[in-house]
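Computed from the coordinates by the stated procedures, all read-outs in this text should not be read as laboratory data. This one's a predicted model, so the numbers in the text were calculated from it and none came from an experiment. Every residue, glycine among them, receives a Cβ derived from its backbone with ideal geometry; neighbour counts consider all protein chains shown.
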Amino acid sequence: MKKISASIIFLAFFLMTQNSFAQLEIKPAIGINITDFSEDPATGETSAKVGWQLGGTVLLGGKLYGEGGIFWTYKSTEYNSNDDQITFNTEISGIRIPAMIGYQLLQEESTLIGLRAFGGASIFIVTTVDALELTKDDFNTASWGVFLGAGVDISMFFVDLKYEWSLTDVSSVTSFDVGKSKSLFVNAGIRLGL
């Protein structure tokens, strides 16, 4: 996965440097996420809860562009035991670093409306965990993922929607084996062109 992520990042920067009419945008954003796991633990089941993220990206390019960023991310998932005796939220916070390649499907200067499609890879670095008796040591420190998404630009504002599949197991212990994470991210912010 590290080779794929490095390849995507290299390709994004290569494409950005080849575009002589490249534009640069700084895109601060805030958003929500919904994260679920690919498997339920043997002792119960999990269900997605709403989390949030705050950060931004830098876009460089024209019709074909590269974009990378950093977000402080909070993810939450509820756990219920099979006998309904134990219920708790698995709250995971960390730094998410996405890198993507995108394409402007619609870019109308006269109406100030744009439509984009993109895909890429990310790494999520766990910094804190709050989950009853589980600790940060019970979770993999770094989680690699791939995602696809689309974005709408209206004047100086944007909204991005992306779905991410984790390539790394969430937990590092068999007592809370939930497989990989699946996340839906919605970000909104402003585009600051330079």
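A few remarks follow.
- Each residue of the range 155-160 is assigned a 3J(HN,Hα), and the resulting list reads 6, 8, 9, 9, 9, 10 Hz, derived from the Karplus form 6.51 cos²θ - 1.76 cosθ + 1.60 (θ = phi - 60°), x at Gly and Pro.
- Fully extending the segment from T127 to D83, taken as 0.36 nm per residue of separation minus the present Cα-Cα distance, adds 12.7 nm.
- Sparse-neighbourhood loop sites, GluC sites (Glu not before Pro) in the range 53-157 - DSSP loop, at most 12 other Cβ within 10 angstrom: E109, E133
- Between the beta carbons of L112 and W52, assuming R0 = 30 Å, the FRET efficiency works out to 0.60 to the nearest 0.05.
- Over 18 Å between alpha carbons, listed pairs K75/K180; K27/K49; K27/K180; K63/K182; K27/K75; K136/K180: K27/K49; K27/K180; K63/K182; K27/K75
- This ranking places F37, F124, F88, F157 by how few other beta-carbon atoms lie within 10 Å of each, fewest first, which gives F157, F88, F37, F124.
- Under 5 Å between amide hydrogens, built in the peptide plane, is the criterion, and for V178 it picks out V170, S171 among residues at least 5 positions away or on other chains.
- Arranged from fewest to most other beta-carbon atoms within 10 Å of their beta carbon, T35, T87 become T87, T35.
- The range 129-169 and the range 46-122 have Cα centres separated by 5 Å.
- Taken over the range 119-194, the ratio of Cα radius of gyration to 2.2 N^0.38 Å equals 1.40.
- Estimated FRET transfer efficiency (S93, T168; beta-carbon r; R0 22 Å; 0.05): 0.85
- The trypsin sites (Lys or Arg not before Pro) of the range 60-136 that DSSP puts in a loop, and whose beta carbon has at most 16 other beta carbons within 10 Å, are K63.
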